[in-house]
Each structure stands twice: as C-alpha cells, then as structure tokens.
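The values are calculated or read from the model by the stated rules, or taken from the named source; none is laboratory data. All of these numbers come straight from a predicted model, not from anything done at the bench. Positions of Cβ are backbone-derived with ideal geometry, glycine not excepted, and every protein chain shown enters the neighbour counts.
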Amino acid sequence: MSSKTYSAETTELESPFRGIDLSKPTYGKFRRLIPLAYTLLTVWLKWRTLRIKRRLFGVERMEAATHKFHSDAAISVVRLAVKQQGMIVKMCQFLGARADVLMEEYVRTLSLVHDSIPPRPWLEVKNRIEEELGAPVENLFKSISEEPVAAASLAQVHRGRTHDGHDVAVKIQHVGIDKIVEWDLEAVDLLSNIWSRLETIIDFRPMVAEMRRNAPEEIDFVHEGRAAEEIANLLSDRNDTTVPKIFWELSSLRVLTMDYIDGIKITDTKALREAGVNPPDVADVLIDLYNNMILKYGMFHADPHPGNLFVLPPKSEDESLRIGLVDFGLTKSIETDFREQLMVLTSAIIEQQSDVISTTMTDMGFRTREDDPETYTALGEAFLGDVLRSGKAYADQEMVAEVNENLGKLLRANPILDLPGDVILIARVMGLLSGLGRTLESETDLLISVLPYLDPDKDQASDDDLFA
C-alpha cells in the first residue's frame with residue numbers, strides 16, 4: 001500500500017463535495033438506480049443539445065461552452081460516484097486513468113476518485129476485523145492506525161504492525177458492499193441496454209458483461225490473496241517488481257493483511273523526479289512487466305489504475321527502480337490456447353495479414369453480423385495496430401478519434417455480435433497503460449517492446465534482427 005494518507009480536509013474535490021453526505025453510500029436497489037439514471041440522462045441531454053449548437057454555430061464559437069460542458073459533466077459524475085461509491089467509483093477510476101483519450105476536464109476530475117473516497121468509521125472497521133478474524137484487534141495486531149491510508153470503492157486500508165514486528169497493510173471490505181455491487185451491476189446493465197437503443201457510437205454492454213463476470217472475485221479476499229501469491233511467484237525472477245506478501249493468519253474472506261509497500265504513486269511525476277526517478281523509465285518497466293504477464297505467463301493484474309501502482313526508487317546505484325503492484329481482486333488467467341491465439345493475432349496485425357487476422361479473431365470468439373474480413377482487420381487495427389505503427393508510445397486523442405471514426409462507419413454497417421471477455425479485459429488494461437504512458441511521458445517503442453514476447457527465441461536478438 002502507499003504511504004499517502006487519506007485526509008478529508010485536504011481533498012482536491014472539497015468544493016464539488018460541498019453539500020454531499022459522505023458518511024455512507026446510498027443503500028437500496030432503486031435508491032442507487034435513480035440518481036445514476038438521472039445523472040446520465042441529464043448529461044446525455046446536455047450533450048445532445050451541445051452537439052446541435054456546434055453544428056448550428058460552429059465548433060470554434062462553441063469552444064468555451066464545450067469545455068464548460070465537459071467540466072460540469074465530469075464534476076457531476078464524480079459527485080455521484082463519491083456519494084454512491086461501489087461500482088460507480090470503479091468506472092470513474094477506469095475513465096480517469098485514460099489521459100490518452102479523454103479531455104483534460106475528465107482526466108483531472110475523475111482521477112481524483114483514486115484518493116478521495118470517504119472512509120468508513122473506525123468502529124465499523126474494527127468490528128468487522130474482529131468479526132472476521134475472531135479476536136480483539138489488540139490481540140491480532142501490535143498496533144493499527146484508526147485513520148486509513150487509502151479508502152477505495154470496495155474496501156479501505158489501515159496501516160498496522162504485527163506482534164513480531166512486520167509493517168502491514170490491512171484491507172477491510174466495506175460492510176454491505178456485496179449488495180451494493182449487485183445493485184450497481186443491475187443498474188448499469190439496464191442503462192447500457194437503454195443506451196444501445198439511443199446511441200450507436202459505443203456499445204457498453206460487452207464491458208458491463210465482463211464487469212459482472214469479474215465482480216464476485218473482486219469481493220473475495222481469499223481469491224485476491226492467492227492471486228497475489230501466484231503473480232509474485234511468476235515474477236520472482238524480476239528485480240523491478242514488488243508484490244506484497246500475504247499474512248494468511250490475519251486474513252479472511254473480507255479482511256486481507258499484507259506487506260506494507262511504502263512507495264510513490266505512479267502518476268505523481270513531481271515526486272518521482274524529486275526522488276531521482278525518470279518517469280519515462282517507469283513507463284519502460286511497466287510496459288515490459290505487462291508484456292511479460294500477458295504474453296509470457298497468461299496471468300496478469302487486470303486493474304492497473306494509478307491507485308494500485310507505486311514506484312519504489314532505488315536505494316543505491318546497484319538497485320533498479322521497482323514497481324509495487326497492489327490490489328489483485330481483478331486478476332485474470334487466460335488459457336494457453338487463447339494466449340497463443342493472441343500472440344498470432346498481434347503478429348498478424350503488425351504484419352497486416354488480413355486473412356490471418358480474420359481467421360484468428362473468429363477462432364477467438366469475435367462475431368460480427370456479416371463475416372467480413374474488412375471489419376475484423378479494422379478491429380485489429382483499432383485494438384493494437386495503429387498504436388504500434390504510429391511511432392508513439394501511447395494512443396493520443398487525435399489517433400483515437402480517427403480510429404473511432406473509421407471503425408464506427410464499419411460497425412454501423414456490420415455490428416459486433418459477440419466479443420470474447422478476455423479481450424475486453426486486455427483492451428481495458430491496454431487503455432489504462434496507454435493513459436499512464438502519456439502521464440509518464442513515455443518514450444517506449446511499443447513495437448520493439450512487444451516483439452520479443454511474440455517470438456521468445458529472439459529474446460537476445462538485436463533490434464535489427466527483430467525486424468529481419
């Protein structure tokens with residue numbers, strides 16, 4: 001866990017939070033659905049109105065109004081997320097990390113939910129620890145802070161010390177969060193279906209389906225602890241990655257105790273530079289780490305938003321910087337066959353082999369209304385190809401807008417009927433990494449970084465050999 005301490009008095013969203021009861025999230029199926037539906041409907045109607053005005057009066061004349069709309073929309077969504085908490089916060093965390101494709105108004109505002117979720121009161125937390133672990137807190141820990149070091153959508157973290165002297169982070173699941181997650185998934189499922197009838201630009205239904213598949217594991221801390229241990233074992237040969245050790249005697253289904261990681265938040269570039277760390281070097285390590293997990297091992301930390309990634313600066317010249325990974329609730333294992341198909345697809349996209357792209361995507365589970373190779377090729381380019389051949393280290397807003405425009409025309413004529421869930425999750429991870437790449441001013445050549453993992457025999461080859 002990070003050394004950053006939660007402070008309600010210093011939150012950067014103090015003004016937008018004014019007037020909101022932050023003591024507890026809204027509880028009840030319809031009490032959660034109605035505010036979410038109202039907020040999204042209001043934003044959507046204002047957006048449609050703005051689009052009409054931009055056509056009537058021109059984009060330039062409406063520039064100030066456009067920025068104000070996006071700023072107000074971001075604030076209204078964050079106010080809702082902080083009040084509702086639960087899965088709404090998870091969605092904001094994902095969108096807030098997309099500095100590569102979202103306007104600054106959204107990135108700046110939505111990203112604040114990584115640190116600004118109000119914590120539950122200590123008495124509630126203390127009671128949950130004792131109920132889950134079956135003993136008084138003072139018998140379980142030598143000491144534990146009453147103030148959390150982090151408060152998130154599903155749980156909060158308190159720093160503690162074991163009786164044998166280990167500094168630990170104790171993650172405690174919020175009371176009632178299992179019902180909140182269930183209600184939120186029902187709500188976004190309903191709203192995404194309504195959205196699909198109103199708009200054809202983006203279909204959120206596959207993403208919602210993937211969220212529903214993963215939600216049970218995110219609130220199962222035994223699963224999270226085991227996933228952390230498996231990732232730690234896979235990455236044990238790397239000296240640039242740290243995964244916290246799990247203390248099983250102090251853990252349960254809803255309480256997880258692990259090593260305390262004292263690091264710098266990965267997006268805090270000012271603190272990184274003050275610690276002597278070059279942010280683009282962090283991006284290098286991060287990209288190689290995810291190539292390693294996805295393409296080599298087929299198991300990866302699937303929630304790399306800034307609240308879950310920390311940088312540990314080297315303590316001496318002999319050491320390298322390390323990235324600390326926390327929160328393994330969303331960890332994905334992919335079958336060997338699927339991983340090999342993904343490698344074949346990536347190679348085909350790089351080499352622009354339309355027939356191979358089409359065949360492989362069909363084998364992986366992609367389905368469109370018409371079996372058209374042109375649509376599959378466009379999907380492949382949108383998924384990976386444009387970024388790899390762009391010469392840039394991440395997808396920027398201009399690139400994404402162009403890809404979406406071209407892809408949108410094809411998909412309106414030939415809609416996607418089915419998407420493999422694993423690809424949705426990998427695409428989500430790639431989106432988050434792209435946003436982090438921009439924040440870290442990444443200089444990584446993505447094409448060169450991925451090639452050794454597509455052909456492991458070339459690990460030791462020179463860059464020239466890789467392109468031979």
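The table below gives the values:
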item	result
One residue from Val175, Val170, Val137 being surrounded by fewer than 22 Cβ atoms within 10 Å (Cβ to Cβ), modelled with pLDDT of 95 or more, of a type in the set (A, V, I, L, M, F, W, C) and within 19 Å of Pro119 (Cα to Cα)	Val137
Residues within the stretch 155-186 that are of a type outside the set (A, V, I, L, M, F, W, C), touching a residue at least 24 places away in the same chain (Cβ under 8 Å) and not in a helix (DSSP H, G or I), tallied	11
Among the residues listed as Ala37, Ala81, Ala74, the single one being touching a helix residue (DSSP H, G or I) at 6+ places or on another chain (Cβ under 9 Å), in a helix (DSSP H, G or I), surrounded by 12 or more Cβ atoms within 10 Å (Cβ to Cβ) and at pLDDT 85 or above	Ala37
Residues that are among the hydroxyl-bearing types (Ser, Thr, Tyr) and modelled with pLDDT under 70, drawn from the stretch 363-398	Ser390, Tyr394
Sole exception among (1) assigned to a loop (DSSP other than H, G, I, E, B); (2) modelled with pLDDT of 95 or more; (3) surrounded by fewer than 18 Cβ atoms within 10 Å (Cβ to Cβ) for Thr200, by number	(2)
Qualifying positions in the stretch 48-64 - assigned to a helix (DSSP H, G or I) and loosely packed, with under 14 Cβ neighbours inside 10 Å	Arg48, Thr49, Arg51, Ile52, Arg55, Leu56, Phe57, Glu63, Ala64
Qualifying residues in the stretch 310-320 (those that are modelled with pLDDT under 95 and in contact with a helix residue (DSSP H, G or I) (Cβ under 9 Å, 6 or more places away or on another chain)) - the one surrounded by the most Cβ atoms within 10 Å (Cβ to Cβ)	Pro313
Filter result (more than 20 Å from Leu342 (Cβ to Cβ), in a loop (DSSP other than H, G, I, E, B) and under 19 Å from the mean Cα position of the chain (by Cα)) within the stretch 414-452	Leu440, Glu441, Ser442
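Conditions tested, residue by residue: (1) in contact with a Gly (Cβ under 8 Å, 6 or more places away or on another chain); (2) at pLDDT 90 or above; (3) hydroxyl-bearing (Ser, Thr, Tyr); (4) part of a strand (DSSP E or B).
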position: Ser153; (1), (2), (3), (4): yes, no, yes, no
position: Val188; (1), (2), (3), (4): no, no, no, no
position: Met207; (1), (2), (3), (4): no, no, no, no
position: Arg212; (1), (2), (3), (4): no, no, no, no
position: Pro216; (1), (2), (3), (4): no, no, no, no
position: His223; (1), (2), (3), (4): yes, yes, no, no
